[in-house]
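Worksheet for the structure shown next.
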Amino acid sequence: MKQLRIVLALVCLLSGFFAAQADDHVVVPPEQKENDVDVKGIIFGHIGDSYEWHITDIGHTHVTVPLPVIVHSSVSGWHVFMSSKISHGHTHDGFYVAPAGSYEGKIVEKNAAGEEVRPIDISITKVTMGIFINCILLLIIILGVANWYRKRSPESEAPGGFVGFMEMFIMMVHDDIIKEGVGPNYRKFAPYLLTAFFFIFISNVIGLIPLFPGGANVTGNIAITMVLALFTFFIVNVFGNKHYWKDIFWPEVPWWLKIPIPMMPFIELFGIFTKPFALMIRLFANMLAGHMAILVLTCLVFITASMGPAINGSMTVASVLFSVFMNMLEVLVAFIQAYVFTMLSAVFIGLAQETGHGEHKAKEEGAIS
Amino acid sequence: MSLLLPESGLVFWMLLSFGIVFFILAKFGFPAIVNMVENRKKYIDESLENAKEANEQLSKLKAESSAIIASANKEQGRILKEAMQERDKIINEARKKAEFTAQKELEDAKKQIQMEKDEAIRDIRRQVAVLSVDIAEKIIRKNLDEEKKQMDMIDRMLEEVVSKSKN
C-alpha cells in the first residue's frame, strides 16, 4: 500500500510537470493559437493512415520516418519516391497530398482537365509498414518456435520458457477454439485460423505500444479487417459442402416460405454476406474505439491546459489513471477480439461442414455478436 | 467517413502479406508445432500405458518370485529333513556294523585265545610229559631200587603237575 501511494504521488508530480510543458508536445497546426489543441486532428492522425510515420515533435521539429510512396499515374506511369518529398504541402512529379476535398490526406494529381484524381496508390503507408512489422514479428515468433520442435523428437521433454508459453497458447487456440468450433474435420482449417488469431492478437498488442515500431492502428483499419473477413468468407464458401448449399437454397422450413416467393433462401443468401461483414465491423470498431478512448483520455491533459492549474492538475491525474485502466482493458480486448474473430470464423466454417441434421450453433453466434 | 472506406492500396498489401504469412506458417509453422505436441501427447499416453503394463508385469514377477522362494524354502526343509533322516540311518547302520564287527572280532579273539590256551595246555602237557620223563629218568637213575617209592613219587608228582595245570 505504501509503495502504491508513493507511485501515485510521483505520477501526480510528473503529470503536473508535463502538463506545464504540454503545448510543446502536441501537434499544433500553425494557423491555430498556441493553447487551442486540435483534438480531432490528433486523434484522427493517430488512428488513421498516413504516408509517413510521425513519431513526435520536439519543439517545432517533426520527428518522422519517411516511407516509400508507390503510385501509378494514368498520365505518367509508375512513380516511386520517399514520402518526405511530398510532406508539408510539397509537390513531387505532380503528386501532392490533397489538403481538403473528398481525397483529403491522400495523394492526388491533376489530370489533363485540371481535376484532382487519385492515381493507383500502393504506397507503403504507416499501416502497411505496421502490417509488415507485425507479419515479420509473427513469422519470427512462430517459425522460431517451430524450429525448436524441428530439432527435437517427440520423445524429448516438453519445452519451457517462451517456447513453452507459445505452445500452451497455440494449443489453447487449437483445442479450445478450432477443434470445438469447426468439428471433426478441423485439421484442414487449423493453419488459417491459427494464423488469423495470432496475426490479430499481435497486431492488437503492437498497436497498444505507443512508440515507433508499435502504435500503428492495424486491426482498427477497415481494409485489414475486410481482408481477414474475406479470407473467412472464401474459406467458408469454397469448402462448404452439399448440405450447406442445400440449407441456403432449400432450407427446411414450411413450403410457403420458399414458394412462390423464395423468402428464406433470400435471407439465407443474405446471411452468407452478413456473417463476414459482422466479423469485419466487429474487429474494426472494437480496436478503433479502444484507440480512440485512450487518445481522448490522453488529450484531456492538453485540453484542460488552458483552464488553470487546479483543473488541469486534477484532470491530469484522472487522465493518467483512466489511461492506465484503459490500456489494461485494451490488453484484454486485444485477446478477446482475436479470440472472438477466430472462434466465429471457426463456427462459420464448422457450420458449412456439417452433414447431419444436428443442432445449429445459432445460439453461439447470437450470444457474441 | 474515410475511416469506413477500405483503401485499395492497403487491401492490396494486406492481401499480399497476409497471404504470404499464411502460406509460410501453414507450411512450416503451425503444423510442425501442432503435430509435435500431438505426437508428444501420443508418446506420453503410450509411455503411461507401457509403464502400467511394466508395473503389472513387475507385480506378477514379484508374486512369482515370492512363490518360488516359498517353494524353495519348503524344498530346503524337506531336503534337510531327508538328509537328517539319512544321516541318522547311516549312523545307525554304521553303529550296528561296528557293533557287529566288534562282536565278531571279540569272538575271534576269544576263539584265538581259547585256541592259544589249548595250545599252551597242550604245550605244557608236552613239557610236563618231557619233564616227567626227565624226572622219571633222574629218579629212575637215582632210585631204581625202591620201586614202590619210585611209583609213589611219580604219582604224587604227576598229581601236582595236573593240579597245578588245572589251576
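Computed from the coordinates by the stated procedures, all read-outs in this text should not be read as laboratory data. Values in this document were obtained by computation on a predicted structure and should not be read as measured data. Cβ sites come from the backbone with ideal geometry, for glycine too, and all protein chains shown count toward neighbours.
Structure values in brief
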| item | result |
| --- | --- |
| Cβ neighbours within 10 Å from other chains - mean over A:58-65 | 0 |
| Normalised per residue, the volume of the convex hull around the Cα set of segment A:102-175 (Å³) | 144 Å³ |
| Values of log10 I(q)/I(0), in the order q = 0.09, 0.12 Å⁻¹, for chain A under a Debye, Cα-only, solvent-free model | -0.71, -1.08 |
| Calculated over segment A:224-369: convex hull of Cα atoms, volume per residue (Å³) | 137 Å³ |
| Residue-averaged beta-carbon neighbours from other chains (10 angstrom radius) around B:18-27 | 6 |
| Largest-first ellipsoid semi-axes for segment B:1-86, taking √(5λ) over the Cα gyration tensor eigenvalues, angstrom | 78, 10, 5 |
| Convex hull volume per residue in cubic angstrom - Cα atoms of segment B:68-124 | 36 Å³ |
| Descending principal axes extents, segment A:65-121, alpha-carbon based, whole Å | 34, 25, 15 |
| Acute angle (nearest 10 degrees) that the helix A:309-353 long axis makes with the longest principal axis of chain A, alpha-carbon atoms | 20 degrees |
